[in-house]
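Below you'll find the structure, written out as structure tokens, and then a few comments.
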Amino acid sequence: MINEMFDANHVVFKSDIETKDDALRFIASFAERIGIVKSSKSYYKGLKKREKEVTTGFKDGIAIPHCKHKTVLKPTLMLVKFTQPIEWESMDKKAVHITFALAIPEGENQEHLKALSTISRALIDETFIDSLLSVTSEAGMYELIRRKFSN
């Protein structure tokens, strides 16, 4: 399921992001650039609204920003790795290095819940988290994600 939502061009390493808001703006513009959303502005507003409900900062330097929105064209997972940790108000109070960003079309509740559940279960694996944090290339990150979610 995750592999159907994820492609090699959905991975990006980013160095000039300093705040959570900058990160959400980048994710929204990245989604528009790769053809996942019609409007980065609308998707950004959806991400911000979701963050106001409860933080998407997970644990161990990982966040899962996500929203369902009518601007989303197809269910998609994007992975952004930041070279500098970002303060995210995470559950464990740790700064974020990696986001698993989900874009889900409005009305696709089952897809949304399945994707969140699958990613959350994978992030229980400490070896996987260590691999995520240590991978040094976009191609390497893509392969790591593809292998993890291939079963």
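Okay, here's what the table says:
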| quantity | calculated |
| --- | --- |
| Cα centroid of region 120-151 to Cα centroid of region 45-94, whole Å | 17 |
| Relative contact order for region 1-132, counting Cα pairs under 8 Å that sit 6 or more residues apart, in percent | 26 |
| Calculated [θ] (222 nm, deg cm²/dmol) that DSSP helices of n ≥ 4 give over the chain, each run adding -39,500 (n - 2.57) | -13000 deg cm²/dmol |
| 19 Å Cα-Cα reach of LYS20 towards aspartates and glutamates, excluding residues that sit fewer than 8 places from it in its own chain | GLU32, GLU51, GLU53, ASP60, GLU87, GLU89, ASP92 |
| Span-like helix ranges in the chain, DSSP H, alpha carbon extent 18 angstrom or more, Kyte mean at least -0.5 | 20-33 |
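Every number here is computed from the coordinates shown, using simple stated rules; none is lab data. No experiment lies behind these values; they were computed from the predicted model shown.
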